[in-house]
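Notes to accompany the following structure.
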Amino acid sequence: MINHRQIEAFNALMVMGSTVKAGELLGISQPAVSRLIKQLEIETQLKLFDRESGRMRPTREGLAFHREVDRAFLSLRRLEFVAHEIRTYDQGQIRIGALPALGFSFIPQVVHKYSQENPKVLIKIETTSSAIIRDVVAGGQFDLGFVADEVDISGVLSERFAAPPVVCIMPLGHPLSRKSVIRPEDLEGEPFVSLSHVDRTRQRIDALFEKAGILPNVVVETHFALSICQLVASGLGVGLINPYSLGGIAPGQLVARPFVPRLSFQTLMIYPPDRRMSSAVQAFRNIAHREIVQSLEQIFATYDVTPDAESRKAIGRIAPPGPWIRNPRV
């Protein structure tokens, strides 16, 4: 029978990327993590990981299983939230879900600005995948969600948030930093720090490389663009990221350049379909629209990246306050 400890080990391995780091997170040894994973594979009768040169890479079955595990963990955290709300009920709160690209750097900036103007409103943030955010927003558990545009938006209200261009980042002093614009052929043979192969943006980048006849020299894969920034800054290679993540790293650690052909990272705001937007959520929404423009302009200025006219138009827009923006598929 599957037990909670096996699921904890599986989730930790998926999140941390190695049995050593998973063990550190759980406070157990690396062999103990491996043993729990093996027991889970026996219980589920699924091959969750491929073992390659001492590394464990999730299989398609493992990725599918983790999506359900992620939902289960989110449900457990939701029960903790509910219990707390019952004990200390307060109307002055906003529940926000954000994909990692925005949740690790940009959303905290918005929260800081919002809290200065609304100090009595409690804000709860959950940073997770777009698919999970969509599910909990559709179920009314979150008041507002920030998601990638490829997510299924049936059953929610939605509006476009921003679509900034992907940029190429590299270590200080890298030969490519002498170029004003980076093209796919410039990256041929370069050590490449990439998003995970299951990431939609990674898949679009791979398609672009394939069209150009380029096979990227991938040296590291990670789920998070902020991790790419840190790895590139350490000198491990170059990378292609959404510019939001540059806000999460101190300036002066790496170089950024425009990348062509243009590849945008498009995001949406989504809301529950069955209730009107509260004044607290509406105020947060308006601040987010205002701050995304200022934040991206500051990032581009800091890294001396000059986006083209189309990119500037797509960076963001301030939506007027008012009624919900309805998705025709709702």
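Of the beta bridges DSSP finds with both residues in the chain, what % are antiparallel, to the nearest 5? Write down the numbers at each step before the final one.
Numbers: 22 of 38 bridges.
The antiparallel fraction comes to roughly 60 percent.
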Quiz item: Per-residue ellipticity at 222 nm for the chain, helices alone: DSSP H runs ≥ 4 residues times -39500 (n - 2.57), over residue total, nearest 500 deg cm²/dmol?
Solution: -13500 deg cm²/dmol
Quiz item: Taking region 1-102, which chymotrypsin sites (Phe, Trp or Tyr not before Pro) meet the DSSP loop condition and have no more than 14 other C-beta atoms within 10 Å?
Solution: Y89
Quiz item: For region 167-258, what is the Kirkwood estimate of the hydrodynamic radius, computed as the reciprocal of the mean inverse distance between distinct Cα atoms, to one decimal in Å?
Solution: 13.0 Å
Quiz item: For region 167-258, with only Lys/Arg (+1) and Asp/Glu (-1) charged at the beta-carbon, what is the dipole magnitude about the Cα centre, in debye rounded to 20?
Solution: 260 debye
Quiz item: How much net charge surrounds P261 when only other residues with a Cβ under 10 Å from its Cβ are counted (Lys, Arg +1; Asp, Glu -1)?
Solution: +3
Practice problem: Excluding H223 itself, calculate the net charge of residues whose Cβ lies under 11 Å from the Cβ of H223, where each Lys or Arg counts +1 and each Asp or Glu counts -1. | Solution: -1
Quiz item: How big, in percent, is the set of alpha carbon pairs in the chain lying more than 34 Å apart?
Solution: 30 percent
Practice problem: Mind grabbing the base-10 log of I(q)/I(0) for region 103-215 at q = 0.11, 0.21 Å⁻¹? Debye formula, identical points on the C-alpha positions, no solvent, two decimal places. | Solution: -0.57, -1.22
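Filter the chymotrypsin sites (Phe, Trp or Tyr not before Pro) in region 119-190 down to the DSSP loop ones having no more than 16 other Cβ atoms within 10 Å, then list what survives.
Working: sites: F142, F146, F161; in loops: F142.
Answer in residue order: no site qualifies.
Run the numbers for A83 and R71: contour at 0.36 nm per residue of separation, minus the present Cα-Cα distance, in nm. It would help to have the intermediate numbers written out before the result.
Values: separation 12, 0.36 × 12 = 4.32 nm, distance 1.85 nm.
Stretched fully, the A83-R71 segment lengthens by 2.5 nm.
Sorting check: for 257-265, 126-134, which peptide has the highest mean count of neighbouring beta carbons within 10 Å, and how do the rest follow? Walk me through the intermediate numbers first.
Values: 257-265: 17.9, 126-134: 21.0.
Result, highest mean Cβ count within 10 Å first: 126-134, 257-265.
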Self-check item: Calculated from backbone phi, Karplus (6.51, -1.76, 1.60) coupling profile of region 45-54 in Hz, x at Gly/Pro
Solution: 6, 10, 8, 7, 9, 8, 9, 9, 6, x
Practice problem: Would you mind telling me which residue in R204, R290, R55 has the biggest mean-square fluctuation in a Gaussian network model of the chain, where springs connect alpha carbons within a distance under 10 angstrom? | Solution: R55
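If contacts are Cα pairs under 8 angstrom and at least 6 residues apart, what is the relative contact order of the chain in percent? Before the final figure, lay out the partial values.
Working: 548 pairs, mean separation 66.0, N = 330.
This gives 20 percent for the chain.
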Quiz item: Can you tell which of S177, S53, S18 shows the greatest fluctuation in a Gaussian network model of the chain with Cα springs below 10 Å?
Solution: S53
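Work out, in µm²/s and without decimals, the Stokes-Einstein translational diffusion coefficient of region 1-132 at 25 °C, 0.890 mPa s, Rh from Kirkwood over C-alpha pairs.
Values: Rh = 17.0 Å.
So the translational diffusion coefficient is about 145 µm²/s.
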Quiz item: What are the semi-axes of the equivalent ellipsoid of region 4-67, taken as the square roots of 5 times the eigenvalues of the Cα gyration tensor, listed largest first and rounded to whole Å?
Solution: 16, 13, 11
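Rank the residues Y303, Y114, Y271 as a footprinting-exposure proxy: fewest other Cβ atoms within 10 Å of their Cβ go first.
Numbers: Y303 17, Y114 21, Y271 25.
Ascending number of Cβ neighbours within 10 Å: Y303, Y114, Y271.
Computed from the coordinates by the stated procedures, all read-outs in this text should not be read as laboratory data. As the structure is a computational prediction, the values presented were derived from the model and not from experiment. Counting neighbours? That spans all protein chains shown, and the Cβs are built from the backbone with ideal geometry, glycine included.
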